[in-house]
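Engineer: Handing you a structure now.
The values are calculated or read from the model by the stated rules, or taken from the named source; none is laboratory data. This is a predicted model, so every value here is computed, not measured. Virtual Cβ from ideal backbone geometry, glycine too; neighbours counted across all protein chains shown. Only protein heavy atoms, including side chains, enter the accessible area calculation; ligands, DNA and RNA are left aside. Shrake-Rupley method; radii C 1.70, N 1.55, O 1.52, S 1.80 Å.
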Amino acid sequence: MNNLNQTIRTILNRRSTRSFVRRPIKEEDLKLIVDCALHAPSGMGRQTWKFTVVENRARIRELSKAVGEELGREGYDMYAPEVLIIPSNLKESPFGMEDNACAMENIYLAAEALGIGCVWINQLRTICDVPKIRAILDAFHIPGDHVVYGLAALGYRDDAPLAPKERIGQVEYIK
Ligand SMILES: Cc1cc2nc3c(=O)[nH]c(=O)nc-3n(C[C@H](O)[C@H](O)[C@H](O)COP(=O)(O)O)c2cc1C
C-alpha cells in the first residue's frame, strides 16, 4: 500500500476507535475536522446541517448518562471520548440523513488523517425528542427542529491503530 495516494491510504486504513486516552485534541485540529465536515456534499447543496462541538467532558458524560438511562444501558459512556461533534439537521429536510452521513464520513476521514480516533455513535436518533435528552440538546443550542442521526466521538487512541478489517460487501463489474 506504500505507493498509494495519501487520501486513498487514509480511506483504506480508517477504523473506528472505541478506547481513548485523556489527552486534549488541539483546537486547530478540531477546526480542521469541522471544516472537512462542512465540505461534505449535501443534497441540492442546501447545507441545512449544524455541527455542535462539545469539548467539555462533564457535559459529554451528562449526555451519555441520559442516553444510557433512556436506553436502559447502565454505565453507557459513548466510550468516554475527549470531544463530541454532533451533526444535526432539519427534521423536515428530505436529505438530512444522507447529508449528515456524508459529513460523518468526512469527520471520520479527517480524524484518521490527523491521527485522531473516531467512532460513530448512533444512539440519539430515535430519542432526540425525549424531554430530558432534548433539554441537553437545547443547552448545546441544537435547534429544536433538528434531529441528530449520528454523532462522532473523538479522541486519541489508547492502543495501536486497528488492523484493516475484512470487507465483505458484494461487488460486481458488468462490462
Ligand atoms: C450508521 C452507523 C451507525 C453506527 N453506530 C455505531 C454505534 O452506535 N456504536 C459504535 O461503537 N459504532 C457504531 N458504528 C461504527 C460501526 O460499528 C463500524 O463502522 C463498523 O463496525 C466497521 O468498522 P470500522 O469503522 O472500524 O471499519 C456505526 C457506523 C455507522 C455507519
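Engineer: How many of the residues making up segment 14-34 are touching a residue at least 60 places away in the same chain (Cβ under 8 Å), open to solvent by 60 Å² or more (accessible area, probe 1.4 Å) and of a type outside the set (A, V, I, L, M)?
Structural biologist: Qualifying residue count, segment 14-34: 3.
Engineer: If you don't mind, another one. Search segment 114-127 for residues being open to solvent by 40 Å² or more (accessible area, probe 1.4 Å) and not in a strand (DSSP E or B), and hand back the single one that is farthest from the ligand (Cβ to nearest atom).
Structural biologist: LEU114
Engineer: Does GLY75 satisfy the condition of being without any contact (Cβ under 8 Å) to a residue 60 or more places away in the chain and outside any helix (DSSP H, G or I)?
Structural biologist: When the stated conditions are applied, GLY75 passes them.
Engineer: Looking at LEU90, is it more than 16 Å from the ligand (Cβ to nearest atom), at pLDDT 95 or above and farther than 21 Å from ARG125 by Cβ?
Structural biologist: no
Engineer: Of all residues in segment 35-46 being away from the ligand (no atom under 16 Å from the Cβ) and under 16 Å from GLU112 (Cα atoms), which is least open to solvent (accessible area, probe 1.4 Å)?
Structural biologist: Checking each candidate, the answer is CYS36.
Engineer: Return the residue satisfying two criteria in turn: it lies in segment 1-13 and is part of a helix (DSSP H, G or I) and away from the ligand (no atom under 16 Å from the Cβ), and of such residues it is most open to solvent (accessible area, probe 1.4 Å).
Structural biologist: GLN6
Engineer: Suppose we filter ALA160, ALA111, ALA80, ALA135 for residues that are of a type in the set (Gly, Ala, Ser), in a loop (DSSP other than H, G, I, E, B) and either within 21 Å of GLY68 (Cβ to Cβ) or under 11 Å from the mean Cα position of the chain (by Cα) (or both); which single one remains?
Structural biologist: One residue alone meets the criteria, ALA80.
Engineer: Is there a residue in segment 144-153 that is within 28 Å of ARG9 (Cα to Cα) and open to solvent by 10 Å² or more (accessible area, probe 1.4 Å)?
Structural biologist: Looking through segment 144-153, at least one residue is within 28 Å of ARG9 (Cα to Cα) and open to solvent by 10 Å² or more (accessible area, probe 1.4 Å).
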